[in-house]
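A quick write-up on the structure given underneath.
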Amino acid sequence: MSNQTSDNNKRIAKNTLLLYFRMLFMMAVSLFTSRVVLNTLGVEDYGIYNVVGGIVAMFGFINGSMSSATQRYITFALGKGDKNRLQTVFSTTLQIHTLIAGVIVLLGETIGLWFLYNKMQIPADRMDAAFWVLQCSIIAAVVMIISVPYNADIVAHEKMSAFAYISILEVVLKLAIVYMLLVFSFDKLVLYAFLLLAIQILIRFCYSYYCNKHFEETKYKHVWDKALFKEMTGFAGWSMFGNLAAVLFGQGLNMLLNVFFGPVVNAARGIAVQVQNAVQQFVLNFQMALNPQITKTYAQGEMQEMHKLMYRSARFSFFLLFFLSLPVLFETKFILTVWLKIVPDNTVVFLRIMLCTSLIYTLSNPLIIANQATGKVRKYQAICGIILLMILPISYISLRLGLPAYSVFIVHFLMESLTQVVRMFLLRPLIGIRIRDYLRYIYSPVLWVIAVSVILPAFVYFNMEDTVIRFFMVGIVCVLSVSLTAYTLGLSSNERVFVKAKALGMLHKFSK
């Protein structure tokens, strides 16, 4: 192993640990605050906040497409070591995101308001509160959009400690919000929206201050590079297909559920999304630490190393998510009942299907990052985007035919599975990856781990009564089963040696 590869692995490991520390703290506080907020606002107001905030999020596909372009171009320039190019890229992305923020405000104050007053199922006595939630959501969206170049620069430099510390500040402030909701007698839904907006603004200034202090390129310099502007917007334009699809099957499905079933079902989806996001954070943190390396190895022409990083990212990400998801999939009802005083109907089935979809999507992330690294996104985004865009109309037809609310999440799962297969074939000519290798190094070990690791937990689950004892037994068996099968069937021999050495090293430190 070369010194550069060793340094990269150490950096990835350090950044992953920092992000996991951030995630554990955020997850603990978020799960607590979600419970209190749900009980304080009530199911109906909680659903209103989720669905009204989703109106602005639906326009987020414009920003989402540009965010991926920003991350790619900043990381690529950093990988090339061109400081002048890096500053030009950063300043250009800041200009573009300012324009996007203006577009979001225009759309939110026109189409957003029309949709709120004419299409959404919201009780008449809560419409004024919903209006203020929408206004706060629009301003928060502007703040987040302007923050994208700064966050992308932090990730490109792999300074994950900034994310860890600033995120801890964010969740502490959100914890304070819970206390304020209980103390003040003002309309709690409106107060919640305004307080979250205030936190968003403060956190945005924290990221800007950190970047201006540590990275020279983030000190804005007015430059106009027409060629770069055209190149980046072209990249973003094709990426828009995929991001539009992501918004539609996220917030679009949320709107459909509101139109067909009302805000109570939106509350069920909101709770399911909370748990899904908490579990996914483990994987997202690992991928955030690894993604810049995939782009940088491509920029440096190290294709073989890039392929290895992709295989490792896909497998390890899946095993991490599966490790956490399996006990939740078995004991969904018990976990939700203990966590919440009020469990909205449909939450259990929503969460189970959404976790299965997350497992499929986890395998796609390295392919998505690799495609963005090449810069050749037109064909890839057009085909994958069209497939994913079909989720919303198919879901609408399903609901019109009288199928239950959870049918929309089954549609999402099936279309995501199809897109995963298509992604592999589209990426093959771009980076020289072989389908046979992808099946051998990713899908084969993943399927073996799934098939073997579910046997013992399923036996325990179906042969014990629904009690606290069963919950703990299923959890313990799931942890042991997934850990052992992932180690023996999911890792290569070199990876097993590496994991064993790291584990023994940690045990040695703790034993001192």
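The values are calculated or read from the model by the stated rules, or taken from the named source; none is laboratory data. The structure displayed is predicted, hence computed values, not measured ones. With ideal geometry, Cβ positions are generated from the backbone for all residues, glycine too; neighbour counts draw on all protein chains shown.
State all residues of the range 82-98 that are exposed (fewer than 13 other Cβ atoms within 10 Å of the Cβ) and free of Cβ contacts under 8 Å to residues at least 40 places away in the same chain; if no residue qualifies, say none.
Asn84
Conditions tested, residue by residue: (1) within 30 Å of Asp345 (Cβ to Cβ); (2) modelled with pLDDT of 80 or more.
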site	(1), (2)
Asn243	no, no
Leu248	yes, no
Ile271	yes, yes
Pro292	no, no
Phe319	no, yes
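Evaluate the range 159-169: report whether one residue or more is in contact (Cβ under 8 Å) with a residue 24 or more places away in the chain, closer than 27 Å to Glu44 by Cβ, of a type outside the set (Phe, Trp, Tyr) and crowded, with 17+ Cβ neighbours inside 10 Å.
No: zero hits.
If we scan the range 216-231, do we find a residue that is in contact with an Asp or Glu (Cβ under 8 Å, 6 or more places away or on another chain), among the acidic types (Asp, Glu), modelled with pLDDT under 85 and in a helix (DSSP H, G or I)?
yes
Would you confirm whether or not the range 136-145 contains a residue that is in contact (Cβ under 8 Å) with a residue 12 or more places away in the chain and among the polar types (S, T, N, Q)?
yes
Limited to the range 285-303, what total is found for residues that are without any contact (Cβ under 8 Å) to a residue 12 or more places away in the chain and touching a helix residue (DSSP H, G or I) at 6+ places or on another chain (Cβ under 9 Å)?
1
Name the residue, out of Ala227, Ala156, Ala164, that is farther than 30 Å from Gly262 by Cβ, in contact with a Lys or Arg (Cβ under 8 Å, 6 or more places away or on another chain) and small (Gly, Ala, Ser).
Ala164
So Thr337 clears everything in (1) in contact (Cβ under 8 Å) with a residue 24 or more places away in the chain; (2) closer than 30 Å to Asp466 by Cβ; (3) not hydrophobic (A, V, I, L, M, F, W, C) except one condition, right? Which one?
(1)
Quick one: in the range 469-493, which of the residues that are over 14 Å from Ser453 (Cβ atoms) and of a type in the set (Ser, Thr, Tyr) is surrounded by the most Cβ atoms within 10 Å (Cβ to Cβ)?
The residue in question is Ser492.
Being β-branched (Val, Ile, Thr), out of contact with any strand residue (DSSP E or B) (no Cβ under 7 Å at 6 or more places or on another chain) and over 21 Å from Gln280 (Cβ atoms) is true for just one of Val377, Val349. Which residue is that?
Answer to the selection: Val377.
Which of (1) within 30 Å of Glu216 (Cβ to Cβ); (2) of a type outside the set (A, V, I, L, M); (3) surrounded by fewer than 17 Cβ atoms within 10 Å (Cβ to Cβ) does Gly79 not meet, given it meets every other one?
Result: Gly79 passes all but (3).
Residue under question is Val148, and the condition is that it be buried (at least 16 other Cβ atoms within 10 Å of the Cβ), touching a residue at least 60 places away in the same chain (Cβ under 8 Å), over 22 Å from Leu41 (Cβ atoms) and in contact with a His (Cβ under 6 Å, 6 or more places away or on another chain); does it hold?
Taking the combined requirement at face value, the residue satisfies it.
For the structure I just gave you, tell me whether Val273 is of a type in the set (Val, Ile, Thr) and more than 16 Å from the chain's Cα centre (by Cα).
no
Would you mind stating whether Glu331 is at pLDDT below 75, over 22 Å from Asn494 (Cβ atoms) and surrounded by fewer than 24 Cβ atoms within 10 Å (Cβ to Cβ)?
Answer is no for this residue.
Filtering the range 162-209 down to residues that are under 30 Å from Ala289 (Cα atoms) and basic (Lys, Arg), which residue is modelled with the lowest pLDDT?
In this case the residue turns out to be Lys174.
For the range 265-277, check the following and say yes or no: at least one residue is part of a helix (DSSP H, G or I), closer than 24 Å to Val446 by Cβ and charged (D, E, K, R).
no
Please enumerate the residues belonging to the range 395-410 that are β-branched (Val, Ile, Thr) and crowded, with 17+ Cβ neighbours inside 10 Å.
Answer for the range 395-410, where residues must be β-branched (Val, Ile, Thr) and crowded, with 17+ Cβ neighbours inside 10 Å: Val408, Ile410.
I'm told Gly301 meets every condition in (1) crowded, with 20+ Cβ neighbours inside 10 Å; (2) over 22 Å from Arg440 (Cα atoms) except one. Can you identify the failing condition by its number?
(1)
Considering each of Ile74, Ile139 in turn, give the residue that is modelled with pLDDT of 80 or more and either buried (at least 19 other Cβ atoms within 10 Å of the Cβ) or not hydroxyl-bearing (Ser, Thr, Tyr) (or both).
After ruling out the rest, the residue left standing is Ile139.
Only one residue in Ile342, Ile353, Ile368 is part of a helix (DSSP H, G or I), surrounded by fewer than 23 Cβ atoms within 10 Å (Cβ to Cβ) and out of contact with any Phe, Trp or Tyr (no Cβ under 7 Å at 6 or more places or on another chain), so which one is that?
Criteria check complete, one pass: Ile368.
Take the range 407-428 and flag every residue that is free of Cβ contacts under 8 Å to residues at least 40 places away in the same chain and within 13 Å of Leu367 (Cβ to Cβ).
Selection gives Val421, Val422, Phe425, Arg428.
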